[in-house]
Structure formats: structure tokens, C-alpha cells
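Enquirer: Below you will find the structure I want to go over with you.
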Amino acid sequence: MINTIFEVFQSLCLIISSVLIIMASIGILRLKNDMDKVIYARLHFLGVVDIAGVLAMIGLNQPLLAGIYFILAPIVGHAMANAYYYGEDEVKDDFVPEKIPEIEDKDEKIDNNVKKEGTENKKRSENNSSKNNNISLNSKFKEEHLGNQDEQYSISKLNIINEDK
Amino acid sequence: MEILLISQYVLMVSLVIFLLVAIKITTNKTIAMGLIGSATFSLGIAILLLVYGNLHNIEFCKDIALALLILGVVGTIAFSIVLRREKHD
């Protein structure tokens, strides 16, 4: 009798944990990548999976493992959120603009090569307008077209006017 | 009892689905997303090993699951520290 109750309890734990895992998986798949701060939402879903895992371990007669993971799971979640917040959040906002503004060279102090590069950059950004938020594209763009630090500095010193104005 | 066996199989199926989702997260473009995906993948594998060991009475599956859980956590925390330091140094 006691064994039967124990097995029913075990199977209940396993079924609840599997339902939670399925729900979390569907939730993660439904979240779109272009959402703002989507990583925190995914971490939140994965917290559910952590607790479902603890429940499954209890159901599988592994209370020690469940206890260890119950203590460690929030630490891991916090570490990952912290790493994203301080390490990678800045990179996400740093994307190639849709239209690169034109450079107004009043005093004609800019080198012709820099002007030519500016025109090429503009063409390139127009071609890649659908992939503006791609980080790898951004870094490649910087490496290829902004060149060394002196050129970046000279570009930053220019008087930049938007095309809209 | 049958209900325990069935629930174990149900858990295995849901874990396999979750592992596929974890692979999808891992292949995302940001590094932190890859970190999250790999951490959860190790959790899913550990639970899957526990279920499989329980089904077929394989004792060493529990040891591997314990190692995966602890080392996965240690690796995730270590990588998080490295990723965090990147900006401040």
C-alpha cells in the first residue's frame, strides 16, 4: 500500500515536471529574437525548467542531486544574467545604421580616400539594409571600412548631417 | 507499476523536445544566449541520463549525471565571470 502511494507520488512528480518542461519549451520557441531584452525572458523560462528538473530528480529517487541543483540553479541564472548585463548589452545596441549620413566638407580638409570610403560605406549600407542588426556584419563593416584609428578619428571629427535634414 | 513507467517515458520525450529547444538557443547570435543554451543542455542531458539509468538499472548513469550537473554549473559561472570582465578591463 505504502509502495503504491510512493510510486503514484513519484509518477506525479515526473508528469508535472514533463508538463512544465514542455510548456517552457513552447514558450522559448514562441519568443522572437528581435524582441527587446529577449534574453531575460528566456532566462525566466529556463528557471521554470530548473525547478522542473529538481522535481524530476525527486521523482527519480535522487533527493541529494535535487538539493544540490536547487541551491545551484539560482546562482547560475543570476551569473548568466549578470554576464549579459555587464558584458554584452552594449554590443547589442551597436549596430550599423540604416542610412549612413553624408559628410559635409566645408573647408575641404578631408582626404579624398576618406570621401571615397564614405561613399562606398553608404552603398554598402543600402545593400544590406535588411541585415542592419547583425552584429557580425557590424564588426566586419568596422574592420573593413573604418580602417585604422586615425581614420575613425577623422571621421568622428567631421560635421555630419543627416540626409533627412 | 505501469504508471511510473509511462511517466518516465513521457519525461524522456519532453526532455528530448527540450534538448532540441536548447540547441536552438545555443545557436543564437549572442554569446550569452549560447551560454544559456549550453547550461540548460547539460541539465537536460543529466536528467535524461537519470531517467535512462532508472529505467535500465544502470548505476553509473547517476555518477555521470552528478558530474554533468556540478561541472556544468562551474563552467557556466566561470564563463559568466569572463564575459562580465570583458567590458570593464
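Derivation of every value follows stated rules applied to the coordinates shown; laboratory data play no part. Everything numeric here is computed off the predicted structure, so don't read it as measured data. Virtual Cβ from ideal backbone geometry, glycine too; neighbours counted across all protein chains shown.
Enquirer: I need the calculated FRET efficiency for the pair B:Ile58 and B:Leu5, taking r as the beta carbon distance and R₀ as 22 Å, to the nearest 0.05. It would help to have the intermediate numbers written out before the result.
Expert: On the way: r = 16 Å, r/R0 = 0.72.
E(calc), rounded to 0.05, equals 0.85.
Enquirer: I'd like to know which of B:His56, B:Ile25, B:Leu68 lies farthest towards the positive end of the charge dipole of chain B, counting +1 on Cβ of Lys and Arg and -1 on Cβ of Asp and Glu.
Expert: B:Ile25
Enquirer: How much length would be gained if the chain were fully extended between A:Ala41 and A:Ile75, taking 0.36 nm per residue of separation minus their Cα-Cα distance, in nm to one decimal?
Expert: Residue separation times 0.36 nm, minus the Cα-Cα distance, leaves 10.5 nm.
Enquirer: Quick one: 3J(HN,Hα) in Hz for the stretch A:17-30, Karplus 6.51/-1.76/1.60 with θ = phi - 60°, rounded, Gly and Pro as x.
Expert: 5, 5, 5, 4, 5, 4, 4, 5, 5, 4, x, 5, 5, 6
Enquirer: Within 11 Å, Cβ to Cβ, of A:Ala41, how many net charges do the neighbouring residues add up to if Lys/Arg are +1 and Asp/Glu are -1?
Expert: Neighbour charge sum, excluding A:Ala41 itself: +3.
Enquirer: Please tell me the relative contact order of the stretch B:20-89 in percent, rounded to the nearest whole number, where contacts are Cα pairs under 8 Å and at least six residues apart. All intermediate terms of the calculation are to be shown ahead of the outcome.
Expert: On the way: 52 pairs, mean separation 16.8, N = 70.
With pairs under 8 Å counted, the relative contact order is 24 percent.
Enquirer: Using only helices, what value at 222 nm comes out for chain B when you add -39,500 (n - 2.57) per DSSP H run of length 4 or more and divide by the total residues, to the nearest 500 deg cm²/dmol?
Expert: Roughly -32000 deg cm²/dmol at 222 nm, from the helical runs in chain B.
Enquirer: Could you pull the Rg and Dmax for chain B, using just the Cα atoms, both in Å?
Expert: Over chain B's Cα set, Rg and Dmax evaluate to 15.8, 58 Å.
Enquirer: For the stretch A:2-93, what does the alpha-carbon gyration tensor say about shape, rounded, prolate or oblate, given a ≥ b ≥ c as the root eigenvalues, a/c under 1.5 as rounded, and a/b over b/c as prolate? Mind dumping the intermediate values first?
Expert: Numbers: a/c = 6.51, a/b = 2.02, b/c = 3.22.
Taking the square roots of the gyration eigenvalues as a ≥ b ≥ c, the stretch A:2-93 is oblate.
Enquirer: R0 = 22 Å: FRET efficiency of A:Leu12 with B:Val13, Cβ-based, nearest 0.05? Kindly include the intermediate steps, with their values, before the conclusion.
Expert: Values: r = 17 Å, r/R0 = 0.79.
Here the calculated transfer efficiency is 0.80.
Enquirer: Could I ask something else about it? Need one number: nm distance between label points at A:Val48 and A:Ile26, each 7 Å from Cα along Cα→Cβ, rounded to one decimal.
Expert: 0.9
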